[in-house]
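Worksheet: one structure, shown below.
Just so it is clear, none of the values below were taken in a lab; they were calculated from the coordinates. Keep in mind the model is a prediction, meaning the values are calculated, not measured. Glycine gets a Cβ as well: all are built from the backbone with ideal geometry, and neighbour counts include every protein chain shown.
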Amino acid sequence: MKFKPGRIFLLRVPEGEDLPEFINKFAEKRGLRTAIVKGIGSVRNPVVGYYSEEIKAYKRIELFGTFELLTLLGNVSIKDGKPFAHLHVTLGNANGDVFGGHLMKGEVFVAELYVQELVGEPLVRKDRGDNLSLWDEEPL
Ligand code: ZN
């Protein structure tokens, strides 16, 4: 799909917000249908997912404590008629150990986000019946 660059936002998420939920609400409030999201900061008790092809579902990985949000990278597109953020994270603990996955939950301590709106026909996620909601593949 082809897009043109739209608005760019640089923002700090309020402490205590759930990060994926906040990004979904932010996109809805600002009328963002398609966007790229990047971020850094720190989150508490994050839950990340690992999609298992075998069981066709996400395995939930619950982490306890405060983790550096080393990188957050994702996108916003349309799912069930609303903007939906698909986010992946790399998280670091006090020993420098690194964990990561598909971000399901994470209470913000600090989060600085870069959000780049993309303007064009919105990408729409479709439920495939295997717990994955994907865009159509783009033929060459
Ligand atoms: Zn994912």
Counted neighbours (other Cβ, 10 Å), sorted fewest up, put 50, 58 in the order 50, 58
At q = 0.12, 0.20, 0.22 1/Å the base-10 log of I(q)/I(0) from the Debye formula over the alpha-carbon atoms of the chain is -0.49, -1.22, -1.36
Summing -39500 (n - 2.57) over every DSSP H run of at least 4 in the chain, dividing by its residue total and rounding to the nearest 500, the 222 nm mean residue ellipticity is -2500 deg cm²/dmol
Segment 19-82, Kirkwood Rh and Cα Rg, ratio Rg/Rh at 1.01
Taking alpha-carbon centroids only, segment 1-31 lies from segment 35-99 a number of Å equal to 15
Assertion target for 88, 102, ordered by fewest C-beta neighbours within 10 angstrom first, is 88, 102
Among 90, 20, 69, the residue whose Cα sits farthest towards the positive end of the charge dipole of the chain (+1 at Cβ of Lys and Arg, -1 at Cβ of Asp and Glu, taken about the Cα centre) is 20
Stretched fully, the stretch from residue 98 through residue 110 gains (0.36 nm per residue minus C-alpha distance, one decimal, in nm) 2.5 nm
In nm, the gap between the two label points placed 7 Å beyond Cα toward Cβ at residue 2 and residue 64 is 5.3
About its Cα centre, the chain carries a charge dipole, from +1 on Lys and Arg Cβ atoms and -1 on Asp and Glu Cβ atoms, whose size in debye to the nearest 20 is 440
Restricting to lysines and to Cα separations under 17 Å from residue 79, and discarding same-chain partners fewer than 8 apart, the set is 25, 29, 126
A correct fewest-to-most ranking of 8, 23, 40 by other Cβ atoms within 10 Å would be 8, 40, 23
The ³J(HN,Hα) series, computed from each phi in segment 95-102 with the Karplus coefficients 6.51, -1.76 and 1.60 at θ = phi - 60°, rounded to the nearest Hz and given as x for glycine or proline, is 8, x, 5, 10, 10, x, x, 7
Compactness summary of segment 83-124: radius of gyration and Dmax from Cα atoms, Å, are 14.0, 44
So, over other residues within a Cβ distance under 10 Å of residue 35, counting Lys, Arg +1 and Asp, Glu -1, the net charge is +2
For the pair residue 11 and residue 44, the simple spin-label estimate (label points 7 Å beyond Cα toward Cβ) gives in nm 2.2
